[in-house]
1. Taking Lys174 and the conditions (1) closer than 26 Å to Thr112 by Cα; (2) surrounded by 14 or more Cβ atoms within 10 Å (Cβ to Cβ), which numbered condition does it fall short on, given that it satisfies the others?
2. Consider Ala71 carefully, then state whether it is small (Gly, Ala, Ser), under 21 Å from the mean Cα position of the chain (by Cα) and farther than 27 Å from Phe147 by Cα.
3. Considering every residue within the stretch 148-169, establish whether at least one is buried (at least 21 other Cβ atoms within 10 Å of the Cβ), in a strand (DSSP E or B), of a type in the set (Gly, Ala, Ser) and out of contact with any His (no Cβ under 8 Å at 6 or more places or on another chain).
4. All but one of (1) part of a helix (DSSP H, G or I); (2) closer than 25 Å to Gln51 by Cα; (3) of a type outside the set (D, E, K, R) hold for Leu188, so report the exception by its number.
5. Would you pick out the residues in the stretch 136-180 that are closer than 22 Å to Thr60 by Cα, within 21 Å of the chain's Cα centre (by Cα) and aliphatic (A, V, I, L, M)?
6. When both residues are 6+ apart or on different chains and their Cβ atoms are under 7 Å apart, which pairs have a first residue that lies in the stretch 114-126 and is in the same structural domain as Val54 (by TED's automatic domain parsing), and a second that is of a type in the set (D, E, K, R)?
7. Within the group Ser388, Ser401, which residue is hydroxyl-bearing (Ser, Thr, Tyr) and modelled with pLDDT under 85?
8. State whether one or more residues within the stretch 81-98 are modelled with pLDDT of 90 or more, surrounded by 13 or more Cβ atoms within 10 Å (Cβ to Cβ) and in a helix (DSSP H, G or I).
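The values are calculated or read from the model by the stated rules, or taken from the named source; none is laboratory data. These figures come from a predicted structure and were not determined experimentally. Neighbour counts are summed over all protein chains in view; Cβ atoms, including those assigned to glycine, are modelled from backbone coordinates with ideal geometry.
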Amino acid sequence: MQKIQILPSGIKLIDEAWGGFYKSGTYLLIGAHKSGRTTLALEYVRACVEQKEVCLFITTRRPKDLILQAASMNFDLQYFISQNSVILVRVDSSISLSDSREPDSVLAEYITDISELISQHQPTKFVFDELTPFIGFSDVKFLEETFTNTFENIEDLGVTSLVVIGDPITPAAKKIVNVLANHSTGILYLQKGHTIDGNTTLGSLVITPNIGHSEGKFSSKFQIIPGKGFSFEPINISAEKTIPTFPSAQVDSKYKPIIQVDTAKDNFKEANIYSYDDFQLFINNQIAFYKSTGQSFTLLSFKVDESDEKSRALFLNQLKNAVRLSIEKKDKLCVMQNKVFVLLTKEDQKDLTHLIARVKSNLCADDPVTQSKIFSQISVYSLNVNDSVNTSEDMLKELRSDELASQNKYRIS
């Protein structure tokens, strides 16, 4: 498995705080009308063409208006359209829902058609400005399924997406946007500045990770400068990661330390966790199944950094529980020394990525400093079965070794 790539987004706050966007990530850009959503999306497009990549830009606006707006930030969009570096597609936001079909089905077609456009034009980056007119489903569950399936297909094609949505006002609209946010890699929230008594306040951009980006949540003030575009105030990375302090507990506490509570011994056996010998048997069975049917499988190893001996035992138990909570019932788990092995019965890159995301979520601390420290001490390595594998030891020997110069090793952060 290749290392997860982070690519420049062209948006200064994101590139400084997160290093950019994950390749194949899906990001939501939420903001009110006139907050700078389209201008920020154009910053992303500009970075795309500067990297010699192709961007598909779906818009509800007139192409002429979009070209003029790009020109106001010294970005010659028309030139890059002529060079096929930017593929501009206009969609009509005035949807007719008066025909005999269910309105939700009509809206779903607009969303699912995105996959066809992606397959047709094969871009590396994608912008939809804006999706708001097409997400007013009455059945939110249907919207969730449609959005998830569509953008998982787009992610599988290696395309990084930026989807623009209006700032929700009503409870129903907020519910819809929350559903989409839960299935996105990260959320960009724009708040426009206001003019009070002739004085204009700066706008603000808040970036919040949903999957990955262990650096955490950041915000910065901005202004849009004619002939340039977005100009962000400097951000203090270390200041954003300050650990909050809390008042110490009172001496005469009504709480009793848990160590002082007498409990009966419980012979609880954790589900999915097996001894090394049993784990080998499961792998041998899967190898035999692969030899007879061709059904592939993956072994995954999470490793805790041993350099901090004092913290290692704590983090290993924490990691074991996080992995146990993240895997499916059919998956098997084994702990050996400073590693947690997982047998995934399906070889699916999407499932593997989602598993790692769930593990990170279950490891997540309340503050970015602790979160970053935990993630920096955990690495992951994946190994797929192939025709050269005959026994479980062929695979486990490789997982146990720490001196592998393999592309399949990468740090979880």
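1. Among (1) closer than 26 Å to Thr112 by Cα; (2) surrounded by 14 or more Cβ atoms within 10 Å (Cβ to Cβ), the lone unmet condition for Lys174 is (2).
2. So Ala71 does not fit the description; no.
3. Yes, the stretch 148-169 contains a residue that is buried (at least 21 other Cβ atoms within 10 Å of the Cβ), in a strand (DSSP E or B), of a type in the set (Gly, Ala, Ser) and out of contact with any His (no Cβ under 8 Å at 6 or more places or on another chain).
4. The failed condition is (1).
5. Correct list: Leu143, Ile154, Val159, Leu162, Val163, Val164, Ile165, Ile176, Val177, Leu180.
6. Cβ pairs passing all conditions: Thr124/Glu53; Lys125/Glu53.
7. Answer to the check: Ser401.
8. yes
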